[in-house]
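What follows is a short report on a single structure.
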Amino acid sequence: MQRSAGRPERLAAVLAGARRIRLGAGLVGVALVGGGAFLLGEPGAPWILLASLYPVTHALELSATVYRNRIAWGVPVLARAVASALSLGAVALYYSRGGREPAAYLLAVALGSACANLLLHLAARPHLPSSRGVAPERGLLRAALPLGLSAICAQTYFYVDNVFVRAIAGEAELGRYNLAVRFMSWSIMLAQYASLTLLPWFTRRHLAGQLAPAVARVGPPLFAVAGFACGAAIPWTTWALELFGAGYGTAGDSLRWLLGAAVAIYAGAILLTALVATGNSRATLAIAAAGVALNVAGNAWAVPALGITGAGLTTFVTEAWVALAAAWALQRSGVALSRHGAWRWLAGPAAFAVGGGLSWIAMRLG
């Protein structure tokens, strides 16, 4: 999207280059996962091998770029809904036949996702430019690799706290903490989809020299809405977790920090998306790598000292760092956020405080 959203004439070359990368990466995955299952003697290795072919179909899914660049999500959403139905149907059918092989369930889910990728390609094909005689885009892997590594870093600092909690606090506390993390994961879904939707528009605004006003237009309002919603949930964390069973409420303090992290993620998602739109993938990688280092160091101190509350606190500090570092990197890249209502970003913390205060009053009155 970063390469083609503002230059549609390059789409055929970009897709040709990107398909090569995804196909190569997918085949490496097949060798590592599918081949590794046989080498390690995993039960159900043939099913795992077949399931490991699913990422190869992401080379076809790239055709959906035509919809993403237009910010037209109807067909992609429909295809994913069909995929979910197919996966669920395959799982239900296998279960109804008495299936008990765990790896076969993995294959059932993978088949649904693979079908969605094929459906997206077939639906997008009439809208694709002709690729006949088009040379693949050069330099695509060099530009994409830092973004891929950034995504790995982001997944690492999002999940590495599990290692510390399991080793230091034990599996029971890990289960309670992970329930709180699930709440946070649900709360940030809008941020994830907003970043995907905004990337093509941000790319076009960057080419027009208007990225800073675009970020100022959508960032602070979304940040404020997230702040108010998460703040309003703060007084109810222990009560909500206890609904899942006695004892889960002990993760209430963790969830409060994680809700603060969720608010930071809304700001960070917008700012990082803008940074990707500028093409500064190295800065994105540097921010994510520093996030991993900060998160590991924070958990190493906080979990022994504060237990699962410390893990939640570390996640908040990490996500706040990512958002602030992205804003700084954008400023250094020439995107003058400070000249376009930077004070409006204060609405996020303010709305968090207001939402929490009103919700606490409602709880007391109730």
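Which order, highest average first, do 236-246, 113-123 follow once you tally other Cβ atoms within 10 Å for each residue and take the mean per peptide?
Ranking the peptides 236-246, 113-123 by packing returns 113-123, 236-246.
Could you work out [θ]222 nm for the chain from helices alone, using -39500 (n - 2.57) per DSSP H run of at least four and dividing by all its residues? Round to the nearest 500 deg cm²/dmol.
-24500 deg cm²/dmol
Which distance in nm do the two modelled labels at Arg182 and Tyr94 give, with both placed 7 Å along the Cα-to-Cβ direction?
Distance between the two pseudo-spin positions: 2.1 nm.
Taking 0.36 nm per intervening residue step and subtracting the Cα-Cα distance, what contour gain separates Arg166 from Ala135 on full extension?
Going from the current span to full extension adds 6.2 nm.
Using 0.36 nm times the number of residues separating Trp73 and Leu145, minus their current alpha carbon distance, what extension gain do you get?
My answer for the length gained is 23.3 nm.
In percent, how large is the relative contact order of the chain, given Cα pairs closer than 8 Å and 6 or more residues apart?
21
Describe numerically, in nm with one decimal, the distance between label points set 7 Å from Cα along Cα→Cβ at Trp236 and at Gln331.
Computed distance between label sites Trp236 and Gln331 equals 3.7 nm.
Along the Cα→Cβ direction, 7 angstrom out, place labels at Ala305 and Ala362. What is the inter-label distance in nm?
Computed distance between label sites Ala305 and Ala362 equals 3.5 nm.
Say a site is exposed when it is one of the trypsin sites (Lys or Arg not before Pro), sits in a DSSP loop, and has at most 13 other Cβ atoms within 10 Å; what is then the longest site-free stretch of the chain?
Answer - 139-366.
Considering only the other residues whose Cβ falls under 14 Å of the Cβ of Ala59, what net charge follows from Lys and Arg at +1 and Asp and Glu at -1?
+3
No lab work stands behind these numbers, since they all come straight from the coordinates. Computed from a predicted structure; not experimentally measured. Every residue, glycine as well, gets a Cβ built from its backbone with ideal geometry; the counts of neighbours run over all protein chains shown.
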